[in-house]
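Remarks on the structure that follows.
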2 protein chains.
Amino acid sequence: MEYFPAPLEKLVEQFARLPGIGGKSAQRLAFYVLGLPEAEAKEFADAILDAKKSVTCCPVCQNFTAGGLCPICASPKRDGSVICVVADPRDVAAIERAREYNGRYHVLHGVISPMNHVGPDDLAIKSLVERVASGEVKEVIMATNPDTEGEATAMYIARLLKPFDVRVTRLAYGIPVGGHLEFADDATLMRALEGRREI
Amino acid sequence: MEYFPAPLEKLVEQFARLPGIGGKSAQRLAFYVLGLPEAEAKEFADAILDAKKSVTCCPVCQNFTAGGLCPICASPKRDGSVICVVADPRDVAAIERAREYNGRYHVLHGVISPMNHVGPDDLAIKSLVERVASGEVKEVIMATNPDTEGEATAMYIARLLKPFDVRVTRLAYGIPVGGHLEFADDATLMRALEGRREI
């Protein structure tokens, strides 16, 4: 006995495939979309097709862009001698929000993860080495996440870039601004102590 | 400075409109869809359009159906003398899962809620009264949620159906099977005591 008509069941299934969406949530979302006016439901469907069709990776930094160079690679105001290496386009957005960094980026689209069968060749590492080899770059900031896989990826790339005349740096570890010492984990506190500076 | 290309930003916005999906989740979902193979993204978009186009309300019980009578109203095996009145098509699915009920349904598509400007005329109440007036129905089970609005809606409909020769019943209240007494709220315990039966 099916409880919902097939097209609705199918829509629930599609939502249930999304990360972090369980069966109940998928039902709620599918019912919500079904309740939308015709035009708005079409807008939703079009947004999916349109994003899929027109969003590509920047040929230089591999960040998402709507065709051609991304705005950051295309901007003459950004400092081309510094490259910040991140795992994901969302990390670019996070760093841009801080309004502190004026260099360029390189998006790896993942981290090295043997558990998930992701090796160096699955990431945008070769294109990074080529950018560094071209000679304009003076510093590469490794800004992968401070977890095991992010660390390993940063170490791996740092070693690859050794032969080139380039500084390879890592984001500072420490207690988060606005955080509470008592809630900081041991490893973070240790790193914060190690990295202490004179005031 | 925009962080994501416009079509991606638009997809994030569409996901952020869904109930229970915040900004961060919307980003995660949009990125996931962008990472899907072309064909699967298209399948998602098609599922939305298809559900919107081909799912209608059953002309008799108002439950969702893929055109024409719903499977339950169309089935000659279901007992047409009992109607279970629920607020939402999901409630039909929940009751069907219990595999206990063999009557038919009536879906109100909401409850009376002055706070949200939902009055009796916004719900499928008139069609319920017409079904009851036709004479075949012997019992109407009010299965709206046991909250204030669900109660009020059940009471309202029960009063409307008074003039007809029909039993109007309400789902039993009590402690949920598998639950713990110590976690039951006062109102539930009171109702469970009131409704106690000999064993």
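The values are calculated or read from the model by the stated rules, or taken from the named source; none is laboratory data. Model, not experiment: these values are computed from the prediction. Here the Cβ positions follow ideal geometry from the backbone for every residue, glycine too, while neighbour counts run over all protein chains shown. Areas reflect the complete protein model, heavy atoms only, side chains present, ligands, DNA and RNA absent. Shrake-Rupley method; radii C 1.70, N 1.55, O 1.52, S 1.80 Å.
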To the nearest 10 degrees, how steep is helix A:23-35 against the longest Cα principal axis of chain A, on a 0 to 90 scale? 60 degrees
Treating cross-link reach as a plain straight distance, find the aspartates and glutamates whose alpha-carbon is under 13 Å from the alpha-carbon of B:K53, omitting any fewer than eight places away in the same chain. A:E38, A:E40
Taking the label point as lying 7 angstrom from Cα along the Cα-to-Cβ axis, what are the distances from B:M155 to the corresponding position in the remaining copies, in ascending order and in nanometres? 6.8
Treating the Cα atoms of region A:142-199 as identical point scatterers in vacuum, please give the log10 of the normalised Debye intensity I(q)/I(0) at q = 0.31 Å⁻¹, two decimals. -1.24
To the nearest 10 square angstrom, how much accessible area does A:Y32 have with a 1.4 angstrom probe? 80 Å²
Using a basic spin-label model with each label point 7 Å from the Cα along Cα→Cβ, how many nm lie between B:L193 and A:V177? 5.8 nm
For B:Y32, go 7 angstrom from Cα along the Cα-to-Cβ vector, then report the distances to that same point in the other copies in nm, smallest first. 1.4
Would you mind pulling out the separation of the Cα centroids of region A:70-99 and region B:94-133, in Å? 54 Å
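If you wrap a convex hull around the alpha carbons of chain A, what volume per residue comes out, as a whole number of Å³?
Details: hull volume 42.6 nm³, N = 199.
Per-residue hull volume (Cα only) is 214 Å³.
Counting other C-beta atoms within 10 Å, and keeping those with at most 13, which DSSP coil GluC sites (Glu not before Pro) do you find in region B:120-199? It would help to have the intermediate numbers written out before the result.
On the way: sites: B:E130, B:E136, B:E139, B:E149, B:E151, B:E182, B:E194, B:E198; in loops: B:E136, B:E198.
Filter output for region B:120-199: B:E136, B:E198.
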From the cross-link list B:K10/B:K52; A:K10/A:K42; A:K138/B:K24; B:K10/B:K42; A:K42/B:K24, which pairs have alpha carbons spaced over 25 Å apart? A:K138/B:K24
For region A:38-78: span of alpha carbons on each principal axis (Å, largest first): 44, 17, 11
Filter the trypsin sites (Lys or Arg not before Pro) in region A:165-199 to those in DSSP coil with at most 15 other Cβ atoms within 10 Å of their Cβ, and list the result. A:R196, A:R197
Provide an ascending nm list, one decimal, of label-point separations from A:A6 to the equivalent residue in each further copy; define each label point as 7 Å from Cα along Cα→Cβ. 3.9
Could you run the Karplus curve 6.51 cos²θ - 1.76 cosθ + 1.60 with θ = phi - 60° over region A:56-70 and give me ³J(HN,Hα) per residue in whole Hz, x for Gly and Pro? 10, 9, 4, x, 8, 9, 6, 6, 5, 8, 8, x, x, 5, 6
For B:Y105, list long-range residues whose amide hydrogen, built 1.01 Å from N in the peptide plane, is under 5 Å from its own amide hydrogen. B:C84
By the Cα gyration tensor axes a ≥ b ≥ c (a/c under 1.5 gives rounded; else a/b larger than b/c gives prolate, otherwise oblate), the shape of region B:97-170 is oblate
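As an exercise, find the ratio Rg/Rh for region B:50-127 from alpha-carbon atoms, using the Kirkwood inverse-distance average for Rh. Could the numbers behind the result be given before it?
Numbers: Rg = 13.1 Å, Rh = 13.3 Å.
The Rg/Rh ratio comes out at 0.99.
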Can you give me the relative contact order of chain B as a percent, contacts being Cα pairs under 8 Å and 6 or more apart? 13 percent
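Let me check I've understood the local charge: for A:L36, count other residues with C-beta under 12 angstrom from its C-beta, Lys and Arg +1, Asp and Glu -1. What total comes out?
Values: positive: A:K42, B:R17, B:K52; negative: A:E38, A:E40, A:E43.
Its environment carries a net charge of 0.
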Roughly how tilted is helix B:148-161, in degrees to the nearest 10 and between 0 and 90, from the longest Cα axis of chain B? 50 degrees
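So which GluC sites (Glu not before Pro) in region A:4-97 end up in coil per DSSP with only 16 or fewer other C-beta atoms within 10 Å? Display every interim value, and only then the final one.
Numbers: sites: A:E9, A:E13, A:E38, A:E40, A:E43, A:E96; in loops: none.
Listed in order of number, the matching sites amount to none.
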Which three extents, in whole angstrom, do the alpha-carbon atoms of the protein assembly as shown cover along their principal axes, largest first? 92, 48, 38
Around A:A187, under 14 Å between beta carbons, what's the net of Lys plus Arg minus Asp minus Glu among the other residues? -4
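What number, rounded to the nearest 500 deg cm²/dmol, is the helix-based mean residue ellipticity at 222 nm of the protein assembly as shown, given -39500 (n - 2.57) per DSSP H run of at least four residues and division by all its residues? Could the numbers behind the result be given before it?
Details: 16 runs with 170 residues, N = 398.
Taking each H run of at least 4 residues, the total per residue is -13000 deg cm²/dmol.
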Of all chain B residues, the one whose C-beta is nearest the axis that brings B onto A, in angstrom: B:A45, 2
Counting only protein chains, not ligands or nucleic acids, how are A:I95, B:I83 ordered by accessible area (probe 1.4 Å), most first? A:I95, B:I83
